[in-house]
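All remarks here apply to the structure that follows.
The values are calculated or read from the model by the stated rules, or taken from the named source; none is laboratory data. From a predicted model like this one, the values you see are computed outputs, not experimental measurements. In this analysis, Cβ positions are derived from the backbone assuming ideal geometry, glycine residues included, and neighbour counts consider all displayed protein chains. Ligands, DNA and RNA are excluded from the accessible area calculation, which covers all protein heavy atoms including side chains. Shrake-Rupley method; radii C 1.70, N 1.55, O 1.52, S 1.80 Å.
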Amino acid sequence: MVYKANIRPAWVVLIMLLLFTLAFTLVKTSDTPSSKTIQAEQEKPDKIDLSRFKNAAENEVCLKCHGQSKYTYENPESKKTVTKRMFAELVMNRDVFYVSNHREFKCTDCHSEDYSTFPHAGNLRMEAKANCIDCHGGDEKYAKFKFEQIESEFQASVHSEKHSEDFTCWMCHNAHTYKINARTNENLKETILYDNLICLNCHGDVKNYQLLTNKIKPNILQKHEWLPNQASHFTNVRCIECHARNEDTLVVAHHVVAKNQAVRKCEACHSKNSILYASLYKYQVSLKIQKEGFIKGLLMGETTTIGPDKSNRLNIISLVIFSLTILVIMIHAILRIKNK
Amino acid sequence: MNHENQRFYLYPVWIRIWHMVNALLCLILIITGLSIQFSNPGTMVKFSAAVSVHNIAGIILSISYALFFLGNLFTPNGAYYVIPVKGFITRLKKQFIYYTIGIFKKEDAPFPVNEESKFNPLQQVTYVVLMYGFVPVIVLTGWGLLYPEITVNSFVGFSGLDLTDLLHIFAGFTISIIMCVHVYFCTIGKSPVSNFISMINGYHESH
Ligand code: HEM
């Protein structure tokens, strides 16, 4: 019996496509975290072990009132216990403070000792806030962070230019909550989210935006309508990639430029000399792709931006295969002509 | 030389039109694709222009591929793409030996072209792998890159978008290589240009 296959390959592809679509939808639906896992994450607040911090007991004197959204005191006149709401800006969350970079400090390292009396004296609120450079400037131990360069970049930025003294480091970095990120975090997405939320704190919230201006806050989504795949860009790069001048010597650029100077050319990122390698991917690149293992290293090489290929190995392999093909064709053609 | 000067009408009008459009689109896609891949400010085609042209050409290619697919699902031309399983490897070997040795000794082609079989075994696998393997892969991954929000986020630890990108580039590279070989093999005919003329007037000249 002669076996005669008579299935057109188009049918096979059609069936495979159907199966693929099915598998795809299954993967896609399991991709989004279910409400269950979100809930589980919310239910386990990391309790901080305060005994690990030598200043914790002393700080509790302040945090007794400033550690949550309400505080209680006894009114000396009426002898009544009064509970009041703490202004949101004055609440210091212990869970956030004790994982921040400044967790070892005591409140009175930066704030006046006079705060130890309650009610606090009125003139205390005129107390000057220290900026980053006030403590970190000229310190050998912090030289690698280049605080001086950050300060001068910041002074040249539109933020300083437009709002002079009113715009301080505090606008983006709260010393009570600041935690080093871009320099040490292996999770790129986290760094991106962290940094973008800093910008959105004002540029996405009119209440904060109008603290320094009476202008109407521009709609970010509308302003970026020209950007293809907006959502992808917003979750895969930081605002400062395009809106800050990158000096390459800093891990995080601080020279935020005016909107008409922002990067608008696709190939600034989507090219071999992508500016992303000087900033966003800097830490990742320095981690060495070799660590990822051979296959992942070879295939995923340094290709992090969609489009331009940074992987030289793949380029060389492709070129060799292509050249060999052309060579074989040429030899074949020459032999054919000779044998004519 | 038993088929001397025989002519067979093997390429219906729709195949010829499809093929013309397809070849043109592939050339455009390869040029723009390469300039996106190796983009550097100031060189080759302007990046944003290359991206736009690549996207539009890709969309037209998807439509033209769909027509090819449907055409070969329902018209008689699809029968030429059915690979008879039995003895296929042997026939593949025979054709391979013809291309590497026999052709230089002026032997007759082992599988002469006629109405029953338009493609020799080697041509057949190439076309099937190309048209039902690499082309659908490049079309699907292309759409996945055009609308990244529909692409799976991660796949066994890799970024879904990176994998899609890699697959797209791999398919593109392979199609480019096959295209070079394909065009060269088309010069093997009654005369070096007769196969190209076939693709214009529809008639295959036997030799
Ligand atoms: C400049 C580019 C190209 C030229 C000059 C060219 C030339 C030809 C010629 C002369 C034929 C008829 C000979 C034969 O049946 O083998 C043919 C057939 C074919 N070519 Fe091409 N080709 C080109 C590009 C492509 C590309 C890019 C593809 C697919 C991605 C392709 C797919 C096919 C297929 C599937 C057939 C068989 C069609 C049928 O009869 O059903 N070609 N080509």
Check on A:LEU193, at pLDDT below 90 and open to solvent by 70 Å² or more (accessible area, probe 1.4 Å): no
Residues satisfying the stated conditions in segment B:169-190, i.e. over 14 Å from B:LEU130 (Cα atoms) and open to solvent by less than 40 Å² (accessible area, probe 1.4 Å): B:TYR184, B:CYS186, B:THR187, B:ILE188, B:GLY189
Number of positions in segment B:74-85 that are part of a helix (DSSP H, G or I), more than 13 Å from the ligand (Cβ to nearest atom) and surrounded by 15 or more Cβ atoms within 10 Å (Cβ to Cβ): 0
Selected residue (only one of A:VAL252, A:VAL237, A:VAL263 is within 18 Å of A:VAL158 (Cα to Cα) and touching a Cys at 6+ places or on another chain (Cβ under 8 Å)): A:VAL263
All positions within segment B:27-50 that are modelled with pLDDT of 90 or more and either surrounded by fewer than 20 Cβ atoms within 10 Å (Cβ to Cβ) or away from the ligand (no atom under 16 Å from the Cβ) (or both): B:LEU27, B:ILE28, B:ILE30, B:ILE31
Residue in segment B:4-18 that is surrounded by fewer than 15 Cβ atoms within 10 Å (Cβ to Cβ), more than 16 Å from the ligand (Cβ to nearest atom) and either within 21 Å of the chain's Cα centre (by Cα) or not in a helix (DSSP H, G or I) (or both) present: yes
Condition broken by B:PHE119, with the remaining ones in (1) in a helix (DSSP H, G or I); (2) within 30 Å of B:TYR9 (Cβ to Cβ) satisfied: (1)
Of all residues in segment A:241-262 being among the hydrophobic types (A, V, I, L, M, F, W, C) and in contact with a His (Cβ under 8 Å, 6 or more places away or on another chain), the one that is farthest from the other protein chains (Cβ to nearest Cβ): A:VAL256
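Can you give me the number of residues within segment B:97-153 that are among the hydroxyl-bearing types (Ser, Thr, Tyr), open to solvent by 30 Å² or more (accessible area, probe 1.4 Å) and within 15 Å of the ligand (Cβ to nearest atom)?
Residues of segment B:97-153 that are among the hydroxyl-bearing types (Ser, Thr, Tyr), as a first pass: B:98-100, B:117, B:126-127, B:132, B:141, B:147, B:151.
Imposing the further condition that a residue be open to solvent by 30 Å² or more (accessible area, probe 1.4 Å) reduces the set to B:100, B:117, B:126-127, B:147.
Checking the rest, the ones that are also within 15 Å of the ligand (Cβ to nearest atom) come to B:117, B:126-127.
Count: 3.
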Test: B:LEU166 is buried (at least 19 other Cβ atoms within 10 Å of the Cβ) and either within 15 Å of the ligand (Cβ to nearest atom) or part of a helix (DSSP H, G or I) (or both): yes
Matching residues in segment A:47-97 - criterion: being of a type in the set (Ser, Thr, Tyr) and in a loop (DSSP other than H, G, I, E, B): A:SER69, A:SER78
